[in-house]
1. Taking springs between alpha-carbon atoms closer than 10 angstrom, which of 100, 230, 144 fluctuates most in the Gaussian network model of the chain?
2. Go ahead and collect, in residue order, the members of the stretch 163-188 whose backbone nitrogen is under 14 Å from a label point 7 Å along the Cα-Cβ direction of residue 9.
3. Among 202, 165, 128, whose mean-square fluctuation peaks in a Gaussian network model of the chain (Cα, cutoff 10 Å)?
4. Got a sec? How would 80, 60 order by Cβ neighbour count within 10 Å, fewest to most?
5. Among [x] 34, 24, 16; [y] 26, 23, 17; [z] 28, 21, 19, which is the computed semi-axes √(5λ) of the Cα gyration tensor in Å?
6. Counting only GluC sites (Glu not before Pro) that are in a DSSP loop and have at most 12 other C-beta atoms within 10 Å, tell me the longest site-free stretch of the chain.
7. What pairs from 14/83; 68/143; 104/168 go past 20 Å between their alpha carbons?
8. I'd like the trypsin sites (Lys or Arg not before Pro) in the stretch 32-78 restricted to DSSP loop residues with at most 16 other Cβ atoms within 10 Å, sorted by number.
Amino acid sequence: MESINYPRMTLEGKVALVTGAAQGLGKWIALGLAHAGADLALADLDKKGVDQTAKEIEEMGHKAFPVKADLTKIDSIKEMVQKTITTFGRIDCLVNNAGISGRKPFLDTTPEDFDLISNVNFRGVYFASQIVAKEMISKGGGKIINIASAAGFLIRSGVPLSVYAGTKAGVIMFTKAFAEELAPYKIYVNAVAPGYFNTPGAQGRLRDPKISDNILSFIPLKKVGETQDIIGPVLFLASDLSNFITGQTIFVDGGRTIL
């Protein structure tokens with residue numbers, strides 16, 4: 001009988017760093033990774049928010065280290081990573097979740113708007129990945145998971161997200177480029193591209209029947225994403241179940257990007 005090495009979807013003994021962990025998708029992802037056994041470093045500009053996320057993780061029986069971080073500043077990224085290494089000794093998984101949407105028409109977008117969104121969504125992802133990857137190399141490998149967006153693949157009529165969409169398309173290509181360069185170091189790089197989710201920030205729009213009906217009309221499954229829908233794919237990519245996958249983007253959007 002053939003001997004099979006059965007992988008497990010567990011993160012017991014692992015350390016994960018999640019950016020943008022104060023609320024929404026980032027908080028859900030952090031809680032999901034902790035539920036699977038990981039200890040967490042939690043980064044966000046909203047220190048009160050990450051403190052609350054840390055408290056919930058600690059109540060689950062896992063260690064959590066909240067840190068205030070500004071991903072537009074390289075020194076802040078370096079400090080975030082160094083504090084995580086000092087606290088836990090290593091980083092096994094980085095989730096680049098922090099991002100800014102910025103709904104503003106192309107003709108009204110200012111250089112300041114452009115710089116803020118791209119500095120967080122694009123430049124921040126690049127250098128957070130670079131700085132963490134150097135630490136992962138010294139420890140023998142790791143997982144980097146970038147949170148992209150369905151908007152990085154297509155545009156929804158009437159939703160002015162040109163800068164955001166451009167940065168998320170860039171994140172999808174970063175994922176491929178990082179994966180190729182980091183493969184020799186056993187660092188796996190993949191992305192998850194969410195569609196519309198029932199996050200606290202979206203609930204106001206979803207409560208409006210006209211807006212909600214319009215959103216659902218573009219989604220084949222006729223529903224928006226919930227907590228478990230983002231946790232599952234990220235946990236899969238963070239675990240040993242995905243150890244022959246790198247450079248890929250999983251669209252988690254109810255089928256939106258097939259239309």
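No value in this document is a laboratory result; all are computed from the given coordinates. Predicted model, so just to flag it, every value in this text is computed and none were measured. Quick reminder, even Gly has a Cβ in these numbers, built from the backbone with ideal geometry, and neighbours come from all protein chains shown.
1. Sorting by GNM fluctuation, first place goes to 100.
2. Of the residues in the stretch 163-188, none has backbone N under 14 Å from the label point off residue 9.
3. Largest GNM mean-square fluctuation: 202.
4. Listing 80, 60 from fewest to most nearby Cβ atoms yields 60, 80.
5. It is the value labelled [z].
6. Working: sites that count: 2, 12, 226.
It works out to 13-225.
7. On the way: 14/83 16 Å; 68/143 22 Å; 104/168 16 Å.
Exceeds cut-off: 68/143.
8. Details: sites: 47, 48, 55, 63, 68, 73, 78; in loops: 63, 73.
Listed in order of number, the matching sites are 63, 73.
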